[in-house]
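What follows is calculated from the coordinates using simple rules that are stated; it is not laboratory data. All figures in this text were calculated on a predicted structure; none of them were measured in a lab. A quick note on method: Cβ atoms are made from the backbone with ideal geometry, for glycine too, and the neighbour counts reach across all protein chains shown.
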Ligand SMILES: Cc1ncc(COP(=O)(O)O)c(C=O)c1O
């Protein structure tokens, strides 16, 4: 079967595709999942691979039994899968398994040997996970964004010049989790290298949707370090990866110490192992690693051209159909014709209807899951929403006094490879109802959380759908 044939079949393999959820009317509706930029559901072939592995489950790198050895072999094979997935040469790079992108970036920020006056350049469009960790370890300079939400490359050039000789790292996202904009990261890497800096790519959003190629270090456009999360690429089992040059990571002691990171321990001291073991203290998430490898192999079997073609079609449809909703305001680029430079991630507002109310109606009346707010990218959202400094200060004070009534934000819809046109049409039809005030429920704002809940009764009684108690044999 070719890639697009396989891709079509995969929708039916989505775990939870037919999950019905309650709505205010009392009817159940099939859940429409359009929050893939947060986390994706998984596919049955991945779950069954995990189940199969559980038959062999044992700790890695320690035991002598068959299962321990098989588990170690699977774990290390998965490491090679990750390297292949991002085209990293394991002769010079290492793959460290972490919890997620956030942990990968925090880890790198703590290990990297910054010079005392070293500078890190990042951008205003970053997720907080590719901004806050760096602020703890060095001076961070933010490149601005343009009105359409794209990176201001001229500003980047200016900042490289301004801090010439001092820039240790440039760290940028591969794609925005708010506007879906794909950055020209290889070009940005080349400029970073020309300035004598290393380049870090936050691939949390990019990796599930586009092929990633770290390129050999002899290539001026190579990527020195890269981080991504498996839960955004159909393997929500709690694993992530940090991939990059091994040498600088050896300058400091391991970030975390304990079992697995040492060759030998005496009462006086310890001798650290090589990478990657010295950065994987304790028992790792072995099942998560197996799931990640299965997800990588699934994506490879479908192939990037089929994935990209399908997701671009969905992005075009999303932008085209959202524009049918009166008073629709899309943030960032909204051209439905040329979507080659973006992902199917779209942030929007409908007139003056509070974004959290829009999302509540979508959820409680239509069974549609989206995300709202500022998407862990506050500085970027302030730019996109054109919030003036005075208003930002006022809102900040309100938030700190536990009132989120006026927090600016938006609704975000984001597609995965299993979505189809019907999911987008369901969203757009529901938004039209919301826009004309045709919703049936009445909602009240919870000041502290900033979310809206139905006034009459909350129909979400979770324990009638799911409990944590296992089905024990009777
Ligand atoms: C661009 C980007 N970077 C980093 C992260 C953090 O990922 P995680 O929560 O898996 O650590 C996210 C999550 O949404 C993201 O979108």
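Numbers below:
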quantity: Rg [Å, one decimal], Dmax [Å, integer] - the range 132-220, C-alpha atoms; calculated: 13.0, 35
quantity: At 0.890 mPa s and 25 °C, Stokes diffusion of the range 140-183 via Kirkwood alpha-carbon radius, µm² per second; calculated: 216 µm²/s
quantity: Long-range Cα-Cα pairs in the range 238-363 (distance over 24 Å), rounded percent; calculated: 59 percent
quantity: Cut-off 15 Å (backbone N to label point 7 Å along Cα→Cβ of residue 461), residues of the range 11-35; calculated: 22-28
quantity: Overall dimensions of the range 333-474 as given by Cα atoms, namely Rg and Dmax in Å; calculated: 17.8, 64
quantity: Solution diffusion estimate, µm²/s, Stokes-Einstein, the range 47-300, Kirkwood Rh from C-alpha pairs, 10 °C, viscosity 1.306 mPa s; calculated: 84 µm²/s
quantity: Nitroxide proxy distance, nm - points 7 Å out along Cα→Cβ at residue 213 and residue 66; calculated: 4.3 nm
quantity: By average C-beta atoms within 10 angstrom, highest first, the peptides 456-463, 189-196; calculated: 189-196, 456-463
quantity: Potential lengthening between residue 309 and residue 399 on full extension [0.36 nm per residue; Cα-Cα distance subtracted]; calculated: 28.2 nm
quantity: Distance (nanometres) between label positions extended 7 Å along Cα→Cβ at residue 406 and residue 190; calculated: 4.7 nm
quantity: Computed log₁₀ I(q)/I(0) - Debye formula, equal Cα scatterers, no solvent, the range 293-353, q 0.13, 0.14, 0.25 Å⁻¹; calculated: -0.43, -0.49, -0.98
quantity: Dimensionless Rg over Rh [the chain; C-alpha; Kirkwood]; calculated: 0.98
quantity: Residue-averaged 222 nm ellipticity for the chain, from DSSP H runs of 4+ at -39500 (n - 2.57), nearest 500; calculated: -10500 deg cm²/dmol
quantity: Share of pairwise Cα separations in the range 344-428, more than 23 Å, in percent; calculated: 28 percent
quantity: Volume of the Cα convex hull of the range 208-269, divided per residue and given in Å³; calculated: 124 Å³
quantity: Protection proxy ranking of 444-453, 318-327 - average other beta-carbon atoms within 10 Å, highest first; calculated: 318-327, 444-453
quantity: Principal axes of the range 78-190: Cα extent on each, largest first, Å; calculated: 41, 35, 24
quantity: Calculated over the range 254-313: convex hull of Cα atoms, volume per residue (Å³); calculated: 109 Å³
